[in-house]
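A short reminder: the numbers here are calculations on the coordinates, not readings from a lab. The structure presented is a predicted model; accordingly, all values stated were derived computationally and were not measured. We place every Cβ from the backbone using ideal geometry, glycine too, and count neighbours over all the protein chains shown.
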Amino acid sequence: MTHSRFTTATVTCPQCGKTFEARRWRTLVVEENHEAAAAASEGNLTTVKCPHCSAEVELEYPFVLVSTVRRAILHYLPSSADELNEKTIRPYLEDDLHLADAIADSSGVRGEPFTLRFTAQMSDFIEKLMILADGLDDRVVELMKHVAREHGRAAGMPIDHVRYYREGERQLVLAYDDKTELLGAQDFDRAMHDRVKASISNLPEGMIVDGKWAAEVFAGLTAEAH
Ligand SMILES: [Zn+2]
């Protein structure tokens, strides 16, 4: 039994005006659709090609990606960061529980629970996928990013945001300004990731794990240490 779901939509090409049928994903299980999963990791899952004029058409819509191996359910809900909050994600949670149960039932084993995450920006979604593929804990990565951002700012760098990135075998934290110009790169220390993870006994869970989450958790951890 497969758990991936999609519908077919009629799309009108903005370039040539002709219509065509295109797949619209609702649930993409990585292990069932390697090609679509590869497109998702490049941020191209919702991009379709017009068969008449070859124009690339971006169909922005929400979808959910599931990895049964990594036990993760990752939502992409295109919206502004402010619109993504506890209240707006609530309607999805019940479906996620059903999906996790159905996957557990069909595999015949009730393994570890699924990690649920919600993202509003495609760049955040792609970053989460990369972190997941690399077998890292995104909560620890966000805390490490937070520290890198604060250190950079304290040194006078106009950092707007930082990103986890992998280039070949090399793992990096990249710092950008508010125009997304690259300000600097720092090697990401996996050993430190493992040490941080081991040192925090009750790392809080969260379904929206982003820079704001990290800043709040970091403040809590620092207060505890004093
Ligand atoms: Zn066209």
Yes/no for VAL217 being under 17 Å from the mean Cα position of the chain (by Cα) and either farther than 25 Å from THR88 by Cα or not polar (S, T, N, Q) (or both): no
Region 53-95, subset acidic (Asp, Glu) and more than 16 Å from the ligand (Cβ to nearest atom), residue surrounded by the most Cβ atoms within 10 Å (Cβ to Cβ): ASP95
Set THR19, THR2, THR7: member being within 15 Å of the ligand (Cβ to nearest atom), more than 19 Å from ILE126 (Cα to Cα) and of a type in the set (S, T, N, Q): THR19
Those residues of region 170-188 which are out of contact with any helix residue (DSSP H, G or I) (no Cβ under 8 Å at 6 or more places or on another chain) and closer than 15 Å to VAL141 by Cβ, in sequence order: LEU172, LEU174, ASP187
Residue among HIS151, HIS161 that is of a type outside the set (Ser, Thr, Tyr) and within 18 Å of the chain's Cα centre (by Cα): HIS161
Residue in region 104-113 that is of a type in the set (Val, Ile, Thr), buried (at least 19 other Cβ atoms within 10 Å of the Cβ), in a loop (DSSP other than H, G, I, E, B) and at negative phi present: no
Of all residues making up region 26-59, the number that are in contact with a Lys or Arg (Cβ under 7 Å, 6 or more places away or on another chain) and among the β-branched types (Val, Ile, Thr): 1
Selection count, region 25-52, where residues are within 22 Å of the chain's Cα centre (by Cα), surrounded by 17 or more Cβ atoms within 10 Å (Cβ to Cβ) and either hydrophobic (A, V, I, L, M, F, W, C) or over 16 Å from ALA133 (Cβ atoms) (or both): 11
